[in-house]
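Taking it in order: structure first as structure tokens, then the write-up.
The values are calculated or read from the model by the stated rules, or taken from the named source; none is laboratory data. From a predicted model like this one, the values you see are computed outputs, not experimental measurements. Counting neighbours? That spans all protein chains shown, and the Cβs are built from the backbone with ideal geometry, glycine included.
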């Protein structure tokens with residue numbers, strides 16, 4: 001299913017987040033929305049608050065995303081763009097290297113999320129929970145996030161997984177559980193080292209893939 005584009009401009013994937021050089025106004029709005037979601041939660045996300053957080057004139061956010069749904073969709077789209085860069089979707093590990101190669105690449109991606117991008121994780125959880133209450137956002141959230149599942153499916157298939165769909169679910173559940181525990185759960189003050197993440201992934205992938 002193609003991701004539909006409502007009343008907000010699409011942001012180019014290569015632009016710098018958070019008002020960096022070359023950021024478009026749509027990117028500034030979406031980045032400010034993600035920051036507000038992480039800092040204040042869903043109740044703190046309003047068009048007026050986004051204007052202020054982005055340093056834009058009053059009414060700028062409404063001009064780009066006229067409804068709350070459009071603003072949420074803009075945040076989801078921008079989240080996917082930024083997480084794709086954090087997770088290195090453009091430079092995936094070589095599956096021909098076997099479980100160790102995959103574990104190395106995936107561990108670095110997960111550890112980057114944990115250590116330098118906690119705001120994105122918190123914003124993602126806010127949006128995921130809101131999607132459970134808004135069917136129209138659920139559809140959009142799932143479609144936008146499918147790129148990550150498809151990329152992981154391709155890696156595991158190329159690495160020789162005998163059951164890629166089941167293994168993707170197990171691997172995604174492991175990574176999502178780790179990131180939630182360390183970003184918002186009981187381990188928020190005890191983030192694992194890169195070596196620990198790598199070891200966990202080697203154990204998991206070693207049980208899934210041929211040596």
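Couple of notes before you dig in:
- Enumeration of residues in the range 154-163 that are under 18 Å from residue 92 (Cα atoms) and surrounded by fewer than 19 Cβ atoms within 10 Å (Cβ to Cβ): 154, 157, 158, 160
- Condition check for residue 107: part of a helix (DSSP H, G or I) and more than 19 Å from residue 141 (Cα to Cα): yes
- Remark: residue 139 falls outside the filter, which requires a residue to be assigned to a helix (DSSP H, G or I), in contact with a helix residue (DSSP H, G or I) (Cβ under 7 Å, 6 or more places away or on another chain) and either more than 20 Å from residue 92 (Cβ to Cβ) or touching a residue at least 60 places away in the same chain (Cβ under 8 Å) (or both).
- Pair list, Cβ under 7 Å, 6 or more apart: the range 175-193 residue at negative phi and free of Cβ contacts under 8 Å to residues at least 60 places away in the same chain, other residue part of a loop (DSSP other than H, G, I, E, B) and surrounded by fewer than 16 Cβ atoms within 10 Å (Cβ to Cβ): 181/187
- Residue 123 being at pLDDT 95 or above, under 12 Å from the mean Cα position of the chain (by Cα) and more than 16 Å from residue 103 (Cα to Cα): yes
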